[in-house]
């Protein structure tokens, strides 16, 4: 009989934003899995470090970021196999991830690779979305306002104009590579002063640029988001 797979969100970076439930799960399970980069470092593990008992077996997993989809799928399948090996002998596995497990998280790739008879439990975490809004004191949605959440990519600048017409708020993840283009579009649309750039929300080196008009043009870090108010808020 399979053990339980826990998808555990450990929050956006500030260890104080990790939930009691997440900490309790890490104390109970026998295996704690997480994604590591090419240097075998893991952001989520650093956040959760004080809650990982010495008795736990740690299972570092590699997920390729290659532009080749075949390579990405291969590493996801390999990670799934390693986790299944533990689950198949009845061990409970907690896969820790920054933010929330079901919002732009690597955990979702693992979840899709699990057989249907594996029992899964999700421990939600404070997401970077809400941590960013909190840092900027930026109301995300009031009453019947509408919001779009997306990652910035090559197509985003063209889509952004339409979103600003349809939604009161636009939230963009992963803006670090596209900020110059987005800045130009927002200036053209006349809402650049209504866009807030937040870098490394909740961390000690957090930076909030309250108006994108004040952005100095430097490349922001990977953990950066834009919060944009489109339509004028109704009373």
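The values are calculated or read from the model by the stated rules, or taken from the named source; none is laboratory data. A quick note: this is a predicted structure, and the numbers were derived from the prediction, not measured. Cβ atoms come from the backbone with ideal geometry, glycine included; neighbour counts cover every protein chain shown.
The lone criterion from (1) within 26 Å of residue 222 (Cα to Cα); (2) in contact (Cβ under 8 Å) with a residue 12 or more places away in the chain left unmet by residue 69 is number (2).
Residue count for region 76-96, restricted to those that are under 30 Å from residue 200 (Cβ atoms) and in contact with a strand residue (DSSP E or B) (Cβ under 6 Å, 6 or more places away or on another chain): 6.
Which one of 92, 51 is buried (at least 17 other Cβ atoms within 10 Å of the Cβ), at pLDDT 95 or above, within 30 Å of residue 134 (Cα to Cα) and over 17 Å from the mean Cα position of the chain (by Cα)?
On the way: 92 fails: within 30 Å of residue 134 (Cα to Cα).
From the options 92, 51, the qualifying one is 51.
Residue-level check: of (1) at negative phi; (2) at pLDDT 95 or above, residue 75 misses just (2).
If only one of 45, 72 is in the same structural domain as residue 19 (by TED's automatic domain parsing), within 24 Å of residue 129 (Cα to Cα) and surrounded by 13 or more Cβ atoms within 10 Å (Cβ to Cβ), which one is it?
Working: 72 fails: within 24 Å of residue 129 (Cα to Cα).
The conditions single out 45.
Of 182, 203, 227, 212, which residue is out of contact with any strand residue (DSSP E or B) (no Cβ under 9 Å at 6 or more places or on another chain), buried (at least 16 other Cβ atoms within 10 Å of the Cβ) and closer than 28 Å to residue 11 by Cβ? Step through it out loud before you land on a result.
Values: 182 fails: out of contact with any strand residue (DSSP E or B) (no Cβ under 9 Å at 6 or more places or on another chain); 227 fails: out of contact with any strand residue (DSSP E or B) (no Cβ under 9 Å at 6 or more places or on another chain); 212 fails: out of contact with any strand residue (DSSP E or B) (no Cβ under 9 Å at 6 or more places or on another chain).
The match here is 203.
Do the conditions hold for residue 144, that is, is it part of a loop (DSSP other than H, G, I, E, B) and more than 23 Å from the chain's Cα centre (by Cα)? In short, yes.
Which one of 101, 15 is touching a strand residue (DSSP E or B) at 6+ places or on another chain (Cβ under 6 Å) and on the phi < 0 side of the Ramachandran plot? Even if it seems obvious, please write down each step before you answer.
Values: 15 fails: touching a strand residue (DSSP E or B) at 6+ places or on another chain (Cβ under 6 Å).
Checking each option against the conditions leaves just 101.
Being in a loop (DSSP other than H, G, I, E, B), within 25 Å of residue 118 (Cα to Cα) and in contact with a strand residue (DSSP E or B) (Cβ under 9 Å, 6 or more places away or on another chain) is a property that does not hold for residue 7.
One line per residue, one yes/no per condition, for (1) in a loop (DSSP other than H, G, I, E, B); (2) in contact with a helix residue (DSSP H, G or I) (Cβ under 6 Å, 6 or more places away or on another chain); (3) free of Cβ contacts under 8 Å to residues at least 40 places away in the same chain:
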| position | (1), (2), (3) |
| --- | --- |
| 132 | no, no, no |
| 138 | yes, no, no |
| 158 | no, no, yes |
| 180 | no, no, yes |
| 185 | no, yes, yes |
| 202 | yes, yes, no |
| 213 | no, yes, yes |
| 226 | no, no, no |
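Just one of the numbered conditions (1) over 26 Å from residue 150 (Cβ atoms); (2) touching a residue at least 40 places away in the same chain (Cβ under 8 Å) is not true of residue 104: (1).
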